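Written below as structure tokens is the structure these notes are about.
Computed from the coordinates by the stated procedures, all read-outs in this text should not be read as laboratory data. Because the structure is a prediction, the values reported are computed rather than measured. Here the Cβ is made from the backbone with ideal geometry for all residues, glycine too, and neighbour counts use every protein chain on show.
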Amino acid sequence: MAKDKKVHTTGEDSEGGITSSYETGDGVKLKVKYSFFGSIYDQEEEKAVLGAMKQDSLTMGPQVKFFQEEFAKAHNVRQAFAVSNCTTGMHLCTQLFQLKQGDEVIITPNTFIATSLVLLKEKVTPVYADIDLRTFNIDPADIARKVTKKAKAIYVVHYGGQMCDMDPIMDIAKKHKLYVLEDCAHVPAAEYKGKKAGSIGDVGVFSFHSLKNMTTCGEGGMITTNHDEWVKPIEMLRCMNLSHWDTAATDFTFGKHTLHKFVDGKYSDYWIPSHFDVEDVNGYWGNNYRMNEIQAAVGRTQIKKLDMLTAKRQANGRYINNGIKDVEGVFGTYEDPNCKHVFHLYTLCIDPKIFDRDEFMRILYREEGVQGILHYQPTYHFAGLKKLGITGDCPLAEEFFYKRGINLPMHPRLTQQELDDTVAGIRNTAKKLRGKKK
């Protein structure tokens, strides 16, 4: 019997591409590679998985219920709804807001395609507002400039672990009667002026992808809201528009079949009239966006670890910041004093007047062994959006992606040696580039 061959996959040849690996296979010897796993798993997660596997129900059962309750409590919101991933959660909310063709939503270009994709799926037009070059979050002043009579919502993305400047954003939304969706993919447990991520806008949507600060077996998401009236619509859109029959009805007629109530005006058998009804939600049809029990069980263990995971990320980010603070031409990750930064990403900024960003990244990678990647190409530069005629005017977001930003390895498992190698790599790269200019 032949032995199984060890298969090496890269981000290009794995099925998930850049969504499943940053391996390159180019032979560069790395000291600090960009990990695709953003959390810590141990015996607690293993125990949770095995326990859930022994249940009778493996989807949308007790583990999901408890996970929702525990997540809501941790984020100071009344309602939380587990979903299959952040993208499906945002799509559900786009339907919940009753957005349609011809409507506009103000959005940042500095985000993964998913944030815009949920609008494109409903033929809603994304209108891109520029970013703040310190936080890389959407600029409230540019939001105000981009609002038209067609605007129906603002979709903010809390970039890299730090929340947007929410007070002026909520003021704009109130003035123009716009919904606000918080894309919280990067910010579990983050805060803005003492308020938790996902608790300020009309809804928040979180990601538990393998890269994120907490993860539920590689995929998963959560919707949060304080709107109690949205409980039933969200539950229906999450699960194929299923609802319960109106038991207040006198009787039910289905073609030639009429069912009458009995025994104190109620049906005595659980299968009458049938197990569920199906109806639209304001003309919208949902999908199967449910979370399974194994993911939820793992999520419950991750919630318990979230403070520890966050503290490790903060310590790592601040260590790098401190180690490079005197290096001319490079800037560590900025922490807004109004925010609790949870360091999903560590973003290094290069002053383009002093260094060429791509050359800096090249030496840091090939000679210093520290792998950086780039987030995020302005969304309106993708071929599919160009094909639709969607454009943007966000010069700061463009400068950030093409000339300034590098995302360095950031996760709670970084060793002291890896942190020291990162700091030394940045310092050495800056020194080498200065030497080339002489």
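Things worth noting here:
- For the chain, the relative contact order works out to 22 percent when only alpha carbon pairs closer than 8 Å and six or more residues apart are counted.
- Overall form of the stretch 54-101 per C-alpha gyration tensor (a/c, 1.5; a/b vs b/c): oblate
- Sites N76 and F37 - FRET efficiency at Förster radius 41 Å, r taken between beta-carbons, to 0.05: 0.90
- Degrees separating the helix 62-74 axis from the principal Cα axis of the chain, which is the longest one: 60 degrees
- Dividing the summed -39500 (n - 2.57) terms of all DSSP H runs of n ≥ 4 by the residue count of the chain sets its mean residue ellipticity at 222 nm at -10000 deg cm²/dmol.
- Straight-line reach from K305: taking Cα to Cα under 14 Å and skipping same-chain neighbours fewer than 8 places apart, the aspartates and glutamates in range are D42, E44, E45, E70.
- Within the shell defined by Cβ-Cβ distances under 10 Å, the residues around D421 carry a net charge of -2, with Lys and Arg each +1 and Asp and Glu each -1.
- Residues K304 and K193, FRET efficiency given R0 of 22 Å [Cβ-Cβ distance, rounded to 0.05]: 0.25
- Relative to the current alpha-carbon distance between H257 and S243, full extension at 0.36 nm per residue lengthens the span by 3.0 nm.
- Length released on extending from K150 to V327, taking residue separation times 0.36 nm less the Cα-Cα span: 59.1 nm
- Here the stretch 190-307 is treated as a Stokes sphere of Kirkwood radius computed over C-alpha pairs; at 10 °C and 1.306 mPa s its diffusion coefficient rounds to 90 µm²/s.
- Centroid-to-centroid, using Cα positions, the stretch 326-349 and the stretch 382-417 are 15 Å apart.
- In this simple spin-label model, placing a label point 7 Å from the Cα along the Cα-to-Cβ direction at both E399 and T415 gives a separation of 4.0 nm.
- Put simply, the Cα atoms of the stretch 114-159 extend 33, 25, 11 Å along their principal axes, the longest span coming first.
- Computed over the stretch 122-215: relative contact order in percent, which uses C-alpha pairs under 8 Å that are six or more apart: 22 percent
- Cross-link table K312/K403; K174/K340; K65/K312; K146/K174; K29/K325; K73/K195, entries beyond 19 Å C-alpha to C-alpha: K312/K403; K174/K340; K65/K312; K29/K325
- The packing ranking, built from the mean of other Cβ atoms within 10 Å per residue, places the peptides 160-171, 422-433 in the order 160-171, 422-433, highest first.
- Averaging over all projection directions, the Cα-based convex hull of the chain occupies 27.7 nm² in the image plane.
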